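These notes concern the structure reproduced below.
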Amino acid sequence: MNIKQADYVKSAVFEKDYPEEVASYEFAFVGRSNVGKSSLINSITGRRKLAKTSKTPGRTQLINYFIINKEFFFVDLPGYGFAKVPKIMKEEWGKTMETYLASARQKLVFVLLDIRRIPSEDDINMLKWLEHYEIPFKIIFTKVDKLSNNEKFKNLKNIKKKLVFDNSDVFFHSALNHTGKEEILNYVETVLQN
Ligand code: GDP
């Protein structure tokens, strides 16, 4: 799939403020702050500044909707897991996220994990949440350019002590050289066609 057009639509907290559904599925992106979520969205849409990168951690508590090729939505969900974020904001994050996950939107969630890190409790809870709500999801490992193949192999082995997955069922992405971009977009296309 080629992305010819990608535009910001709106930001929302409550379900009534989400834009009207336009396709069979929408694709949401979630992960801990700094995992590379904005960079990934910019990379796969081919737009340098669509999602803002390196914002103040924890500030972006809103759900951001982008329309792709005038056909379907990408949804940028607020990042999690910043130690410095006040408790009240964590509660707000929880409410915003739960509203989204429990909503009737037909969605597929990409869960972003930094290939260099062992998944945190927050990451594991996120995955449990998706399972609880029976929401289809796919894992994308980010920043793969930062590791050699050897290191990547070693890290995956360690990550698998926390998380069960098949290498053929996850994506590997780099925002630096756009590794994995095509695979992710082809997958999006497949989901939309079904
Ligand atoms: P977000 O908080 O999850 O949206 O993360 P950002 O997209 O703002 O990225 C956080 C930091 O990681 C920034 O300094 C990015 O330049 C860097 N980064 C993100 N993705 C990659 C990647 O694929 N490769 C490398 N080398 N750096 C990345």
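Does region 135-151 contain at least one residue that is among the charged types (D, E, K, R) and in contact with a helix residue (DSSP H, G or I) (Cβ under 8 Å, 6 or more places away or on another chain)? Within region 135-151 (the criterion being among the charged types (D, E, K, R) and in contact with a helix residue (DSSP H, G or I) (Cβ under 8 Å, 6 or more places away or on another chain)), the answer is yes, since at least one residue qualifies. I'd like the full set of residues that are closer than 26 Å to SER120 by Cβ and of a type in the set (A, V, I, L, M), limited to region 64-88. VAL75, LEU77, ALA83, VAL85, ILE88 - these are the residues of region 64-88 that are closer than 26 Å to SER120 by Cβ and of a type in the set (A, V, I, L, M). In region 168-189, which residue that is within 18 Å of the chain's Cα centre (by Cα) and polar (S, T, N, Q) is surrounded by the most Cβ atoms within 10 Å (Cβ to Cβ)? Out of the qualifying residues, it is SER174.
When the test is whether a residue is among the β-branched types (Val, Ile, Thr) and at pLDDT below 95, THR96 passes it. Can you find, within region 127-151, the residue that is farthest from the ligand (Cβ to nearest atom) among those that are surrounded by fewer than 16 Cβ atoms within 10 Å (Cβ to Cβ) and over 28 Å from ALA102 (Cα atoms)? Selected residue: ASN150. Criterion first (in contact (Cβ under 8 Å) with a residue 12 or more places away in the chain and over 13 Å from the mean Cα position of the chain (by Cα)) does VAL85 satisfy it? Considered against the rule, which asks whether it is in contact (Cβ under 8 Å) with a residue 12 or more places away in the chain and over 13 Å from the mean Cα position of the chain (by Cα), VAL85 comes out as yes. So for region 102-113 (the condition being surrounded by 19 or more Cβ atoms within 10 Å (Cβ to Cβ), at pLDDT 95 or above, away from the ligand (no atom under 11 Å from the Cβ) and hydroxyl-bearing (Ser, Thr, Tyr)), does at least one residue qualify? Checked region 102-113: no residue is surrounded by 19 or more Cβ atoms within 10 Å (Cβ to Cβ), at pLDDT 95 or above, away from the ligand (no atom under 11 Å from the Cβ) and hydroxyl-bearing (Ser, Thr, Tyr).
At least 1 residues being over 19 Å from ILE140 (Cβ atoms) and touching a residue at least 40 places away in the same chain (Cβ under 8 Å) is the threshold, and among the strands (runs of 3 or more DSSP E) wholly inside region 1-80 those reaching it are 6-12, 63-68. Quickly run through region 7-31 and pick out the residues that are surrounded by 18 or more Cβ atoms within 10 Å (Cβ to Cβ) and either at pLDDT below 95 or under 22 Å from LYS90 (Cα atoms) (or both). Those that are surrounded by 18 or more Cβ atoms within 10 Å (Cβ to Cβ) and either at pLDDT below 95 or under 22 Å from LYS90 (Cα atoms) (or both): ALA12, TYR18, ALA28, PHE29, VAL30, GLY31.
Residues of region 45-54 include at least one that is at pLDDT 90 or above and away from the ligand (no atom under 14 Å from the Cβ). For region 64-87, filtered to residues that are of a type in the set (A, V, I, L, M) and farther than 16 Å from ASN42 by Cα, the residue that is modelled with the lowest pLDDT is ALA83.
Output the qualifying pairs, or none if there are none: Cβ atoms under 6 angstrom, residues six or more apart or on different chains, first residue in region 127-146 and closer than 30 Å to LEU176 by Cβ and at pLDDT 95 or above, second residue of a type outside the set (A, V, I, L, M, F, W, C) and buried (at least 17 other Cβ atoms within 10 Å of the Cβ). Listed pairs, sorted by first residue: ILE140/HIS173; THR142/GLY36; THR142/ASP114; THR142/HIS173; LYS143/GLY36; LYS143/ASP114; VAL144/SER174; ASP145/SER174.
The values are calculated or read from the model by the stated rules, or taken from the named source; none is laboratory data. What you see is a predicted model, and the numbers here were worked out from it, not measured in a lab. Note: ideal-geometry Cβ built from the backbone for every residue, glycine included; neighbour counts use all protein chains shown.
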